[in-house]
Amino acid sequence: MDIVGVFLPGWAVVPLALAAAALAWLAVSPWRPPRFLGPVLASVGFLQASLTAVLAASPGMTVGIGAPLTVIAFLAILICSFAQAIKIGPRAD
């Protein structure tokens, strides 16, 4: 399968569908995520975006406007998610 010039093997659809089903199930289930799950996921995204920008800036590569904007967006998400996790306080389970 070729999507916008990116080759996706046929078997990749199965894990993507399972991930979408799991997220949909979690959205309607009574499960409450841990308080710092958002900040942890935002940290991982920020690190990935930062490393991608660093790798793209290596010799022979070019950096478009998307790389720094993605890093800035993940930094904003990271700050907001930590602020929200700290403001919520301890869980009353």
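No value in this document is a laboratory result; all are computed from the given coordinates. Just so it is clear, the structure is predicted and the values come from calculations on it, not from any experiment. All Cβ positions, glycine included, derive from the backbone under ideal geometry; neighbour counts span all protein chains shown.
Write down Rg/Rh for the range 32-93, rounded to two decimals, with Rg from the C-alpha atoms and Rh from the Kirkwood relation over Cα pairs.
The Rg/Rh ratio comes out at 1.16.
Going through the range 1-72, which chymotrypsin sites (Phe, Trp or Tyr not before Pro) have at most 12 other Cβ atoms within 10 Å and a DSSP loop state?
W31
Highest GNM mean-square fluctuation, the chain, Cα pairs closer than 10 Å: which of V54, V63, V14?
V14
Given the rule -39500 (n - 2.57) for each run of at least 4 DSSP H residues, summed and divided by the residues of the chain, what is its mean residue ellipticity at 222 nm, to the nearest 500 deg cm²/dmol?
Working: 3 runs with 59 residues, N = 93.
Here the helix-only value at 222 nm equals -22000 deg cm²/dmol.
Using only alpha carbon pairs under 8 Å that are at least six residues apart, calculate the relative contact order of the range 21-81 and give it in whole percent.
This gives 41 percent for the range 21-81.
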